[in-house]
Amino acid sequence: MIEDKFLKINNIKIISFLKKFDLPIYIYNYKKIIFNLYKIKKLKFYVFFSIKSNNNVFLLKIILNTVKKFDIVSINELKTLLLINKFKPYIIFSSCGKSLSELIIAVNFQIFCINIESLQELFKLYFICLKKKNISLMIRINPNIDAKTNKKITTGTKLDKFGILLKNLLQCILFCNLSKLPIIGYDFHLGSQITSLIPIKKLFKFIKKLIFYIPQKNIDIGGGLGIDYYESKSIIKFNNYYKYVLKLKNYYKLNIKIIIELGRFFFGNCCIILCKSNYLKYNNYNKISILNTSMNDNVRPSMYNSYHKIESNNFGKKIKNFFGSICESSDKLINKKQIRILNNSLIIMFSCGSYCKVMSNNYNSKLKIFDLIIYKNKLKIIFKKEKINYLIKNNV
Ligand SMILES: Cc1ncc(COP(=O)(O)O)c(C=O)c1O
């Protein structure tokens, strides 16, 4: 339950800054971010931050100063990192559709590694590397393992577009050997929001067999560790997950370096959207609230049917179904339990730190909203709300 007057984030009363900013706004909690970074620092693995989950420059600088390693899925993500930092960080380039120019840039910048997803990609690289040879490759293998997660974010089954199936692997390895393209490891990203240990167990069994025939030093198990959107107790804890990975590594006597590419773990649970209920429709057919935030600020519920907990001050009508103001029926979020709200009640939508702002858009000519962070007990703007001319300025 929230009381508007008393609601605080890291000792700052929300009421104190409400007048300065139009709602909705994203608010990050720096202390929570540091807590997550601390957990990651203790791991014995090579952790790469998946920039596609959040590309805010202030947050990227935190990663640059701590983890220093990035998993990119487009060359513009590399360019962003170079624009904000003069030193080249450690970079793995994943993506199943890298363009020729993206591959050329990645090779010229001598990034740490390119994760290859098809034989044709290898052909392209071969021609690029005729002149310049020192680029390391990992082969992304599609192990045909179901990550037991949402279908739309499953990537490791044979019907998915990602990776190279086992039956095509030999061709790739032969080609690399003949063309002297150096393979330094294999990559397996099974999917996102993984909450079960079974897929990881299957993956290690698969890796053991593979390594017996084609030994490698680096194994990239991808990202995908699920975070707790429901605040349920059943989700696998970060430490248990990685203890389990270590246990499997030892059990199968694998002499490998483990690389992981985490996205949502870093910021997912460190950010809320603060918004308002604009309208209540309360009759025999409908008991709904229409919020002033929409699928253009957080597309996850309409895209993946995903859940974000909603809380309010708990006065007024009981509501479970929330909608945004976008002209689409799918702009909808069903809360786990009913909460009481009034017209204009402050509403908090939780766990909006990953795959929300990065996927936000201008549909219905909405403007991208402010990102704020509670940083050293002060409120800091880290993304300014777009201005109306942004909507027309690139039109010619
Ligand atoms: C190649 C790759 N690495 C890492 C990630 C990060 O996943 P997550 O944010 O679920 O940890 C993704 C996300 O889908 C990905 O595609």
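FYI, it's all coordinate maths here, none of it is from the lab. Bear in mind that the values here come from a model prediction, so they are computed numbers and not experimental data. When we count neighbours, we look across all protein chains shown, and the Cβ atoms used for this are built from the backbone with ideal geometry, even at glycine.
Of note:
- Sparse-neighbour loop sites [trypsin sites (Lys or Arg not before Pro); segment 304-396; at most 12 other C-beta within 10 Å; DSSP]: Lys376, Lys384, Lys387, Lys393
- Computed from point charges on the beta carbon alone (+1 for Lys and Arg, -1 for Asp and Glu), the dipole magnitude for segment 94-262 about its Cα centre is near 560 Debye.
- Helix-only arithmetic for the chain: the sum of -39500 (n - 2.57) across DSSP H runs with n ≥ 4, divided by the residue total, places the mean residue ellipticity at 222 nm at -7500 deg cm²/dmol.
- For chymotrypsin sites (Phe, Trp or Tyr not before Pro), the sites in segment 106-147 that DSSP calls loop and that have at most 16 other Cβ atoms within 10 Å are Phe109.
- Straight-line reach from Lys161: taking Cα to Cα under 12 Å and skipping same-chain neighbours fewer than 8 places apart, the aspartates and glutamates in range are Glu117.
- Ordering of 178-184, 74-80 by burial proxy (mean other Cβ atoms within 10 Å per residue, highest first): 74-80, 178-184
- A full extension of the chain between Val358 and Leu23 corresponds to an added length of 118.8 nm, given 0.36 nm per residue minus the alpha carbon distance.
- For the residue pairs Lys20/Lys41; Lys8/Lys237; Lys287/Lys387; Lys44/Lys148; Lys20/Lys42, the C-alpha atoms sit more than 30 angstrom apart in Lys20/Lys41; Lys287/Lys387; Lys20/Lys42.
- Each residue in His189, His308 was given a count of other beta-carbon atoms within 10 angstrom of its own, and listing them fewest first yields His308, His189.
- Degrees between helix 119-128 axis and first principal axis of the chain (Cα, 0 to 90, nearest 10): 70
- C-alpha center-to-center spacing [segment 66-90, segment 284-305] in angstrom: 34
- Cβ-derived FRET efficiency at R0 22 Å, Asn150 paired with Val57, nearest 0.05: 0.15
- Of the chymotrypsin sites (Phe, Trp or Tyr not before Pro) in segment 138-231, the ones in a loop by DSSP (not H, G, I, E or B) with at most 15 other beta carbons within 10 Å are Tyr230.
- Note on Lys253: aspartates and glutamates with a C-alpha under 19 Å away, same-chain residues under 8 apart excluded, are Asp187, Asp220.
- Rounded FRET efficiency, nearest 0.05, which uses the C-beta distance separating Leu130 from Leu367 and R0 of 51 Å: 0.60
- Unit charges at the beta carbon, dipole of the chain: most positive-side option, Asn10, Gln338, Val73: Asn10
- Derived scalar couplings ³J(HN,Hα) [segment 329-335; Karplus, 6.51 cos²θ - 1.76 cosθ + 1.60; whole Hz; x for Gly, Pro]: 5, 6, 7, 9, 9, 9, 6
- By the rule of a C-alpha distance below 21 Å, with chain neighbours fewer than 8 residues away ignored, the lysines paired with Lys86 are Lys52, Lys61, Lys68, Lys69.
- Mean separation of Cα contacts under 8 Å (6+ apart) over length of the chain, as relative contact order %: 19
- Each Lys or Arg adds one and each Asp or Glu subtracts one; over the other residues with Cβ under 10 Å from the Cβ of Asn55, this totals +1.
- Computed from the C-beta positions of Lys281 and Asn10 and an R0 of 35 Å, the FRET efficiency is 0.50 to the nearest 0.05.
- Label-to-label distance, Lys209 versus Asn394, with points set 7 angstrom from Cα along the beta-carbon direction: 4.6 nm.
- Segment Asn344..Asn85, full-extension length gain: 89.0 nm, with 0.36 nm per residue of separation and the alpha-carbon distance subtracted.
- Average Cα contact separation per residue, segment 94-262, under 8 Å, 6 or more apart, as relative contact order %: 20
- Put a plus charge on the Cβ of each Lys and Arg, a minus charge on the Cβ of each Asp and Glu, and nothing anywhere else: the dipole of the chain about its Cα centre is then about 1020 debye.
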